[in-house]
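To keep things clear, I will list the structure first and then write my remarks on it.
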Amino acid sequence: MALKIVKGSIDRMFDKNLQDLVRGIRNHKDDEAKYISTCIDEIKQELKQDNIAVKANAVCKLTYLQMLGYDVSWAAFNIVEVMSSSKFTYKRIGYLAASQCFHEGTDVIMLTTNQIRKDLSSPNQYDTGVALTGLSCFVTPDLARDLANDIMTLMSHTKPYIRKKAVLIMYKVFLKYPESLRPAFPRLKEKLEDPDPGVQSAAVNVICELARRNPKNYLSLAPLFFKLMTSSTNNWVLIKIIKLFGALTPLEPRLGKKLIEPLTNLIHSTSAMSLLYECVNTVIAVLISLSSGMPNHSASIQLCVQKLRILIEDSDQNLKYLGLLAMSKILKTHPKSVQSHKDLILQCLDDKDESIRLRALDLLYGMVSKKNLMEIVKKLMLHVDKAEGTTYRDELLTKIIDICSQSNFQYITNFEWYISILVELTRLEGTRHGHLIASQMLDVAIRVKAIRGFAVAQMATLLDNAHLLTGNTQRNGICEVLYAAAWICGEFSEHLEDPMQTLEAMLRPKVATLPGHIQAVYVQNAAKLFATVLRKHDGETESQAAQETSQLLIDRLPLFVQSANLEVQERASCILQLVKYIQKLQQKNVEVAEEVTALFAGELNPVAPKAQKKVPIPEGLDLDAWINEPPSESESEDEKPKAVFAKEEPKHSRSRHTEVDEKELARRREVRKQEQANNPFYIKASPSSQKVYDAPGVEHIPVVQIDLSVPLKVPGMPMSDQYLKLEVERRQKEKAERKKKEKKKKREKRGKERKADSGPESEEDITPAHQVDIVTEEMPENALPSDDDDKDPNDPHKALDIDLDKYVPYCRHLQFIHVLHIVYDIQGNHQDESKVVVSVIFENKSDSFLKSMEFNVLDSLNSKLQRPEGAGAHDSLTVPFQLPPGQDTHAFLFVSSVSVSIVAVCIDCFLMQSDESSTHEKLDFKLHFTCTSYLITTPCYSDAYAKLLESGDLKGSSLRLEGINMPFHHLLARICFHHHFSVVERIDSCASMYSRSIQGHHVCLLVKTTVSIDAKCDEPSLLGNVLDEIKQTFSKC
Amino acid sequence: MIKAILIFNNHGKPRLIRFYQYFAEDMQQQIIRETFHLVSKRDDNVCNFLEGGSLIGGSDYKLIYRHYATLYFVFCVDSSESELGILDLIQVFVETLDKCFENVCELDLIFHMDKVHYILQEVVMGGMVLETNMNEIVAQVELQNRMEKSEGGLSTAPARAVSAVKNMNLPEIPRNINIGDINIKVPSLSPF
């Protein structure tokens, strides 16, 4: 035996430790994988040994291998073994490994519950600390449920080191087990005023994290945070609080007004840049929330912008970046104050740092106006040229398009310029954003009717030079543009000068190399062009040109008929047949142009993306109702075969078509309008969408004079610059004319008023180059204005949206007196098992100041208040704080010593003073100590549990719960949570649970899914009371 | 919240990884590679914030990093964290390492990954900042190390002797990869 031990330890001497492993890997650079696999084999051997030190060493090495990307989950059980070692050294290794590789899917996690509970209540604070740290990384809903109570108790631990860890981990527990938020919250709040700054900081951290997701529930904490903000000197805490206020102010503008002053003071006084920056950020948030109400904060805005300018001008790139970031927030509400720093922002576009350039780009978005759009875009185009082949260039491209298209092309005065910018952008090679450019082209061509002629001409050039775009490869995303070009040329082909040429360009063999969806559009629009060509030659007898066109299509289309893409193939063969038929007719000299054109007649209107969703359901239409009666079950399907379809369907469709003629339709429409007009509840269509309906006619489109002095450009030469020049000239001309007019006016009304006309052009002075009619997107009639931004239903924070000020079901409430609202909670004390801790929260409901309060406790036979040393049994206890009027809440804690369980009676007296007069009020109430309060969650292993039951010392009783329809695990969770039990074992339909009273009485429960509870306990009176309380808990829900 | 902390060297070799959200091992490696790719191509005199990184996070997340000689320290955080605050935290962490290892260099991190983890655990817990006071962190780490020592540590004395023997015939270990000037000027919070 002794020999074996010696041999074992000699073997161990040659085991690799972590350093050896690392060294070995570094020495085997060439065959690292092979070396590691032999190491893993060794580790597997080591894990098989009984010696815990060897196992711990192996687990430590595994943690390293995990970092290198090796899956070590196969060793999960061994990790649990190492975690449960009694030595801190090994325990720490085990928990580290677990925190690196355990997750919700790890099945051995459920074995750890009792071990973790044991560690949490360990007398050694570092055992507890290590367990908390580990748990924070792999906590699961089950662990959170089972351990919530233990962790809550640790929040009042004597060591601040444990307190701060326990407070922090509560956030993770809340996320996994939202039910625990309510009972834990009072204690969490109390920790905001913990004497230890670390604990305080942790509590602030957790509450900020909670409040960020559901700010409205935490508004009532604002005064407390305000106090902290003005008193704390810990910058870390200050930053968190100030960030939190930034989230709260949008909900409560009054808070914002209060904040401005202290924040401004901080901005002026602090030397810490991080604090300064967060202050500025929150002031901005405040200003945004106030901006609707009071415009009187220009000083604060100026201060912010000024400070930000200093940041942006700083040589430190980090400050520059953050300055720009914050600037973009101001921009949304106070664009004017940012616009004056345009020079600075344009300067940042030249910065060598990409992050900064991107931020500056974001800012530009909000800084454009009708006046400077062209100029800014020109500058950006220059950058585009410089930024060849980077993602930054793609970013530039999207930004240019964003800037131009924002709020319905609001700032574009000259659409010809915009189209030529888009055409220029198509020359960027290798961009991913071809579809973006394409959709802009489509958008502009469809919605700006006046531009169609110009757009079509440009698109025809693009199609003609398609080889430039598709140039090297198909991967090139830019060929998407051809999709738009083909469609525009086809749809608005009446504007084409030479449709024949475009048609030819669209049917080149090279087209077959384009992606399928683009080819499909080509084919379809070739047909449209064909129709246009035919119409052009309409009337000419024996038109040679028309027949040539047909022949061209017949020659070229077969290429597409062979396409592997179904869509292309289908369209091509369809159109090919059509053309062949037309050719036949042409040869017979039949007029076909009109009929072919009719195929593509009608105008397409843009439809808003949400239009379909917003079509209201007409009155009386029940979408869920059967249209036809469902076939009865008895009627088998074979009985009446095909007859149903063969006979009935044509009849239906025929009759519908014949009976609804134009007149009838018009009449019905009239009737409906009348009805709608008389119906007060009918929501009328907005005027903008009405407009689209009323004026679809072509007469309303203003005719645009295309300036022919600008020749259409050959691709390869930028031409948008010329527009810029032209625009400038045009504006000057206009200005000059205006001046002339003004002078005339002045001459007429001399001496009346003097205007300074040397000032800069104001925004309104710039008139668009041509009156463009921007068609708004169509929405269905009477669509309801609503935005339905669906929140992510999987967001874990949703479950934490709990109104914490409302009724707290877990704690017991006391009298709802008009002066004071009291909530209390009783918990067993882990440190001293003869005591229970009572946490009390007072809420001042009156509108006067509560100056002092005193407890007078009448000790009962069974329980005694723990008084300070030297105080008599009848001395009162003063509550060490004052309560301001209003909603403020505070928590207080006192310890009562207990001998036997059941009920303790206490009487309280409060001294209340309002501002001028002081009043005394004496309020009597009872604290009800349920026997559950005396139970302490204690882990129990199943074998010990079995022994306990076999011993025969326990007396049994049972209980049936009626009308419970919650999932079984919820039921268990409730019993665990409210009554401090722990689950010993769960087998399918039943679970055994255990708890222990502070006097050491055992309580065992067997809970079945049929919701019957069998209980056993060595103290019959305790047993009866526990069962009564469980019954009460479930009768409430 | 901090979503991940990554330490890797100038060649992208991980020295410590700590994810506060579960990712499978291969995904973790991908994230390291992507992050390294993003961070390593940046000059030393550009800002320390980085948006993007498609694998981890999303629009709400930022990479905040610092580059010391041969090592990158990268924190992936969401918008609830103060950017400059996290930069300072990295500095605090590195200074703590410097104190605990006495003139820390990359080799310390390579051979004592576990110890670095234990130090980090005193700074950040479960993705939330636990302690920012360096003295407090160092004190707690030392107390725990003392406890480990009193238990005899993981490798007992004979094993250490063996390890010395094992060391002898190894090629020379480069010892000159000092992290260098650690007190890089930070626009910082006044001491916590």
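The values are calculated or read from the model by the stated rules, or taken from the named source; none is laboratory data. Not measured: the values here are computed from a predicted model. We place every Cβ from the backbone using ideal geometry, glycine too, and count neighbours over all the protein chains shown. These accessible areas exclude ligands, DNA and RNA; they are computed on the full protein's heavy atoms, side chains included. Shrake-Rupley method; radii C 1.70, N 1.55, O 1.52, S 1.80 Å.
Before moving on, here are some points about what is shown:
- Among the numbered conditions (1) under 42 Å from the mean Cα position of the chain (by Cα); (2) crowded, with 21+ Cβ neighbours inside 10 Å; (3) among the aliphatic types (A, V, I, L, M), the only one that A:Val1011 does not meet is (2).
- Counted residues, the stretch A:347-394 - those being within 14 Å of another protein chain (Cβ to nearest Cβ) and surrounded by 15 or more Cβ atoms within 10 Å (Cβ to Cβ): 14
- Search result, residues across the stretch A:197-215 that are of a type outside the set (A, V, I, L, M, F, W, C), more than 17 Å from B:Ser80 (Cβ to Cβ) and more than 10 Å from every other protein chain (Cβ to nearest Cβ): A:Gln200
- Selected residue (only one of A:Asp146, A:Asp142 is charged (D, E, K, R) and crowded, with 24+ Cβ neighbours inside 10 Å): A:Asp146
- Answer residue from the stretch A:108-118, given it is open to solvent by less than 10 Å² (accessible area, probe 1.4 Å) and part of a helix (DSSP H, G or I) and is nearest to the other protein chains (Cβ to nearest Cβ) among those: A:Ile109
- Residue count, the stretch A:36-77 (criterion: within 13 Å of chain B (Cβ to nearest Cβ), within 18 Å of A:Gly105 (Cα to Cα), open to solvent by 10 Å² or more (accessible area, probe 1.4 Å) and assigned to a helix (DSSP H, G or I)): 2
- Of residues in the stretch B:129-144 being in contact with an Asp or Glu (Cβ under 7 Å, 6 or more places away or on another chain) and not in a loop (DSSP other than H, G, I, E, B), the one nearest to the other protein chains (Cβ to nearest Cβ): B:Gln140
- Where strands (runs of 3 or more DSSP E) fall entirely within the stretch A:958-1037, those with at least 1 residues that are closer than 22 Å to A:Met152 by Cβ are at A:982-987, A:990-997, A:1002-1008.
- The combined condition, being open to solvent by 90 Å² or more (accessible area, probe 1.4 Å) and closer than 19 Å to A:Met506 by Cβ, is not fulfilled by A:Gln569.
- Scanning the stretch A:504-533 for residues that are open to solvent by less than 10 Å² (accessible area, probe 1.4 Å) and touching a residue at least 60 places away in the same chain (Cβ under 8 Å) yields A:Ala527, A:Phe530, A:Ala531.
- Helices (runs of 4 or more DSSP H) contained entirely in the stretch A:225-344, each with at least 3 residues that are open to solvent by less than 20 Å² (accessible area, probe 1.4 Å): A:235-248, A:253-269, A:273-290, A:298-313, A:317-333
- Subset of the stretch A:947-1006 that is out of contact with any Asp or Glu (no Cβ under 6 Å at 6 or more places or on another chain) and polar (S, T, N, Q) - its residue that is surrounded by the fewest Cβ atoms within 10 Å (Cβ to Cβ): A:Asn965
- Within the stretch A:265-283, being over 18 Å from A:Ile301 (Cα atoms) and more than 7 Å from chain B (Cβ to nearest Cβ) holds for one residue alone: A:Thr270.
- Screening the stretch A:473-540 for helices (runs of 4 or more DSSP H) wholly inside it with 2 or more residues that are basic (Lys, Arg) returns the ranges A:516-536.
- Checking A:Leu308, A:Leu303, A:Leu259 one by one, the residue that is away from chain B (no Cβ under 13 Å) and at pLDDT below 85 is A:Leu303 and no other.
- Of the candidates A:Glu193, A:Glu209, the single residue that is within 26 Å of the chain's Cα centre (by Cα) and not polar (S, T, N, Q) is A:Glu209.
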